[in-house]
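Worksheet for the structure shown next.
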Amino acid sequence: MSHSHKLVIKRSSMSRPPPPPPPTTNKDQQHQNPSFQEINIKLIQSGEKERLKELLRERLLECGWIDEMKALCRAFTRKKGRNNVTVDDLVHVISPKGRASVPNSVKAELLQRIRAFLASTAD
Amino acid sequence: MSSKISGRVSPQPCPHLLDFCSRNGSKPFRALQDCIRVKPPGGRAAIRREPFEVPRCGTCDESSRPRLYACVACAAVFCHAPPIHSHASAHALSVPGHEIAVDVDRAELFCCACRDQVYDRDFDAAVVLAQTITSTTSTSGSTVTQCKATGSQPDNLRKRRRVDYSLWDPNSRENAIIENHSIPLHDATNGSLISSTELPWGLRGLNNLGNTCFMNSVLQALLHTPPLRNYFLSDRHNRYYCQQKNGATRNGSKNSRFCLACDMDAMFSAVFSGDRTPYSPAKFLHSWWQHAANLASYEQQDAHEFFISMLDGIHEKVAKEKRKTHSPGTGDCCIAHRVFSGILRSDVMCMACGFTSTTYDPCLDISLDLEPSQGVSGKSSLAKSNNSCNVEADCTGSSQNCGISTLKGCLERFTRAEKLGSDQKFFCQKCQVRQESLKQMSIRKLPLVSCFHIKRFEHSSIRRMSRKVDRYLQFPFSLDMAPYLSSSILRSRFGNRIFPFDGDEQDACNEVSSEFELFAVVTHTGKLDAGHYVTYLRLSNHWYKCDDAWITRVNESIVLAAQGYMMFYVQKMLYYKASEKQAASWCDVRK
């Protein structure tokens, strides 16, 4: 299932985030903008990632997104037959639709939270 | 393909899991127990070797993949993001016996070879235990040792001694006694005699004694409540015997002469006598006035208030006579509670530490709010994606999307976890201070007959006004209460676990079904202070409108369109389908 960490703090469009850069142990990186990996680790270690996930779950529940995904899964399972469906199948089928249907307001809110967090923990 | 445990279907393990368990036993799963972290308090379980470990894929060093799995055999962590990356699958293929892994963020077992979720009872029990411990440990240091998910069993539901059912075949002497002392009911086997114009047995109008439609409507529903009807018609409360007993005891108390159960008994006898002329429940009204002195007037009253009041009146009298202690949960005290009493479970979870306080309360009915669905404006963005998804969304499930209020929607809202406002902080035993809390209701025990009361009358003391909510509510003919049971609600809190939750074993033992059938609807039309109550009854597959003294047969579409105020559902197994001479089918697809 898609997670909030797929959002990238760059000026690219919000609807199609580019893939994360490959990890590098180059020490020079520390003086430049933090990499995606570094941000991710900061979020996890501070516990902020878990809080963001909870917030995201709450928002997606409120707007009916979770019910929508459940319905999609049910429909797919009904079509294929209960014993012919795996978790991977379901993830594969609903991920693109799921990502596309996250409301922009939710994306904006999460992004704002991440920005605020990074600003408050800047070295 | 799957076996039934505790009445619930559990998936069979895949061959890799079976193989793993046979070779390693449950040792690896128990080792995982130490790695279960529950954060935030009362929240989800994750797998971490160290509390603030950042899991990374052993092959590509990525920590940001959506799914990371730890191999249960060797504890190595791998990513799984098919079809591009799946180092977890690569590991499973390269090292035999290392197919089983656990999702580090969800604490769910996964078979990397089958690419599907698998379940293990011991593992699930360990996860639930870990999540439960955080929500029940108090500062005194006592921990939960039993592997039951939160809350101890309510006293009145401890295992009761069961008596084996034995068939009773009356002998000829007993047969003679029965025949000589009873009046035969309408012979149901002679179905051919029932013409379509003839009303079914037990239908009789009730005269309005002066704004008493609130009473008549409820009485009509009760006269056709199967367990209540059976109780009185089989002479379980004999009014002659009861009055004789009361006459004998000269307590001097005037109230001892009034017995609502006796008046009900008289009413049942009159209504089921076959006489079709409207009956005047004057004696019943008078008795009820004695009981509810503050409501004794010829003014219009609230039907629901009357319903609760008269059940209470029956209880007071009958329970006192039987000298039964007030145990409304089991319904041993009186017939009113036996029929209508259920048990509600309330969980209040402190949002700071996760400590959950559980209470059980008996209830005679469930009052539901009829608010317009929240977040309707937020749906606009989903509406567009709806069209592109090309899938029929379950409209009754996510009723918010459709904009119609449904009974199921109300029940979903009733059992939803609700954040108590900052002005309603709950005192947390663990924190020893008032904290913001999350409250969730669920049904611990279903009654024989469920009465749903829709809160259509709002009385606001602040605004010093009352108003009526006319909003239409859709209600089904058949209702499955399973999703609102405590076992279901708890299960959804802990995620996908095979684990017996509060109420699971109980229900399995009793084989109590959660399926209910609608048999009566009390409706209200008009304004708050100038309105009229009417009851629709479902008998022998037909609907009948009971408007005080006038009974008419109506089409079910009229009932479906009516403004439901109180809906009465009876457990399906108690709902005897009388004669089904008409071709109409029972399976009502409209839910």
Original post:
Which members of the range A:69-86 meet the condition of being touching a residue at least 24 places away in the same chain (Cβ under 8 Å) and more than 7 Å from chain B (Cβ to nearest Cβ)?
Top reply: A:Met69
**OP:** Within the range B:235-279, work out how many residues are in a loop (DSSP other than H, G, I, E, B) and either touching a helix residue (DSSP H, G or I) at 6+ places or on another chain (Cβ under 9 Å) or at pLDDT below 90 (or both).
**Re:** 16
Original post:
Quick check: anything in the range A:105-120 over 30 Å from A:Pro34 (Cα atoms) and more than 8 Å from chain B (Cβ to nearest Cβ)?
Top reply: no
**OP:** Report whether or not B:Asp470 is at negative phi, of a type in the set (D, E, K, R) and within 15 Å of the chain's Cα centre (by Cα).
**Re:** no
Subject >> Conditions (1) more than 7 Å from chain B (Cβ to nearest Cβ); (2) more than 15 Å from the chain's Cα centre (by Cα): number failed by A:Ile66 >> reply: (2)
Subject >> Count of residues meeting criterion [surrounded by fewer than 19 Cβ atoms within 10 Å (Cβ to Cβ) and touching a Leu at 6+ places or on another chain (Cβ under 6 Å)] in the range B:338-350 >> reply: 0
Original post:
Within the range B:112-149, which residues are charged (D, E, K, R), at pLDDT 85 or above and assigned to a loop (DSSP other than H, G, I, E, B)?
Top reply: B:Arg115, B:Asp120
**OP:** Confirm whether B:Ser461 is of a type in the set (Gly, Ala, Ser) and touching a residue at least 60 places away in the same chain (Cβ under 8 Å).
**Re:** no
**OP:** Report yes if B:Cys57 is within 12 Å of another protein chain (Cβ to nearest Cβ) and either part of a strand (DSSP E or B) or among the hydrophobic types (A, V, I, L, M, F, W, C) (or both), otherwise no.
**Re:** yes
Original post:
Of the residues that make up the range B:52-60, is at least one under 22 Å from B:Cys353 (Cβ atoms), more than 39 Å from the chain's Cα centre (by Cα) and hydrophobic (A, V, I, L, M, F, W, C)?
Top reply: yes
Original post:
Residue check: is A:Ser35 buried (at least 17 other Cβ atoms within 10 Å of the Cβ) and over 28 Å from B:Glu418 (Cα atoms)?
Top reply: yes
Subject >> Extreme residue, farthest from B:Phe110 (Cα to Cα), among residues of the range B:463-480 that are of a type in the set (A, V, I, L, M) and surrounded by 20 or more Cβ atoms within 10 Å (Cβ to Cβ) >> reply: B:Leu473
Original post:
Can B:Ala45 be described as buried (at least 16 other Cβ atoms within 10 Å of the Cβ), in contact (Cβ under 8 Å) with a residue 24 or more places away in the chain, closer than 21 Å to B:Arg115 by Cβ and more than 11 Å from chain A (Cβ to nearest Cβ)?
Top reply: no
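The values are calculated or read from the model by the stated rules, or taken from the named source; none is laboratory data. No experiment lies behind these values; they were computed from the predicted model shown. Glycine also receives a Cβ, built like all others from the backbone with ideal geometry; neighbour counts cover every protein chain displayed.
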